[in-house]
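Single-structure report; data block below.
The values are calculated or read from the model by the stated rules, or taken from the named source; none is laboratory data. This structure is a prediction, so every number in the text was calculated from the model and none was measured. Here the Cβ positions follow ideal geometry from the backbone for every residue, glycine too, while neighbour counts run over all protein chains shown. Calculation scope for accessible area: heavy atoms of the full protein, side chains included, ligands and nucleic acids excluded. Shrake-Rupley method; radii C 1.70, N 1.55, O 1.52, S 1.80 Å.
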Amino acid sequence: MSQESSPESRREELAGRLAEVRRRIDVARDAAGRDDEVGLVVVTKLFPASDLDLLAELGVEAVGENRDQEASRKVAELTHRSRLTVHFIGQLQSNKAASVARYADVVQSVDRPKLVGALERATGAAGRRLDVTVQVSLDPDEGRGGVAPEKARALADLVAGTPALTLRGVMAVAPLDGDPRAAFARLREVSDGIRHDHPEATWISAGMSGDLEAAIAEGATHLRVGSAILGSRESHR
Ligand SMILES: *Cc1c(COP(=O)(O)O)cnc(C)c1O
């Protein structure tokens, strides 16, 4: 779809959907009685670098990618790299840490000690620093990544004790089945526990196209929204 459309019509399409998502965010913030900022990470996986540049021109400040090979290539192609913060949000093998540390600004999907070690070495080698959130599993049966809630605090301590990594908070994906709001409430509890020891780790990254309202109601500070802005990924597989 995006290949056929002209840059101008794609820009209009993205602008319209972005405005609609921003409207949903405002409505949900009002409903939750929140007047703090909710950060928007636009998930651009499977869409071309030209879309990321258009999003930057439309005022988007953060994008999310979930596969190293695709992300490293796309980030290198960007015209507006300096206007965007790049969040890596996918399951990450330790042997890809060196690559991710070269182009990402944030790794949201840190879910095991081995990955913390790999990112520590990788940032050292690349002379960079990374912001990190600990990914919490809200459904142990799904295998979509994430540390068990009861182990999240120890993992957060490990990240916080690693000089090249800055602990920012927690991240989670709602289970495929069940009430996303209940799952996000659990995430908020995990966040509370971590902030007890690390008050600066305030980020709660939760909420996608289908459940951003529930996430905002449970205190999400960052949303990761893909298809509601870019369109269906099916045609890009
Ligand atoms: C793809 C993805 C998203 C965005 O999902 P949409 O339903 O398209 O908004 C958010 N978070 C993660 C971890 C993802 O992989």
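Answer yes or no as to whether ALA15 is hydrophobic (A, V, I, L, M, F, W, C), touching a residue at least 40 places away in the same chain (Cβ under 8 Å) and open to solvent by 60 Å² or more (accessible area, probe 1.4 Å). Considered against the rule, which asks whether it is hydrophobic (A, V, I, L, M, F, W, C), touching a residue at least 40 places away in the same chain (Cβ under 8 Å) and open to solvent by 60 Å² or more (accessible area, probe 1.4 Å), ALA15 comes out as no.
Among the residues of segment 66-91 satisfying the criterion of being within 11 Å of the ligand (Cβ to nearest atom) and either under 20 Å from VAL116 (Cβ atoms) or at pLDDT below 95 (or both), which is surrounded by the fewest Cβ atoms within 10 Å (Cβ to Cβ)?
GLN91
Only residues that are of a type outside the set (Gly, Ala, Ser) and open to solvent by less than 20 Å² (accessible area, probe 1.4 Å): list them for segment 209-227, please.
If we filter segment 209-227 for residues that are of a type outside the set (Gly, Ala, Ser), which is where we start, we get 211-213, 216, 218, 221-225.
Scanning segment 209-227 gives LEU212, ILE216, LEU223, ARG224, VAL225.
Considering only residues that are in contact (Cβ under 8 Å) with a residue 40 or more places away in the chain and open to solvent by 10 Å² or more (accessible area, probe 1.4 Å), look in segment 190-208 and name the one that is nearest to the ligand (Cβ to nearest atom). The extreme case among them is MET208.
Scanning segment 132-174 for residues that are more than 16 Å from the ligand (Cβ to nearest atom), among the charged types (D, E, K, R) and either open to solvent by less than 60 Å² (accessible area, probe 1.4 Å) or out of contact with any Gly (no Cβ under 9 Å at 6 or more places or on another chain) (or both) yields a count of 4.
The residue that is farthest from GLY90 (Cα to Cα), counting only those in segment 33-55 that are open to solvent by 50 Å² or more (accessible area, probe 1.4 Å) and of a type in the set (Asp, Glu), is ASP35.
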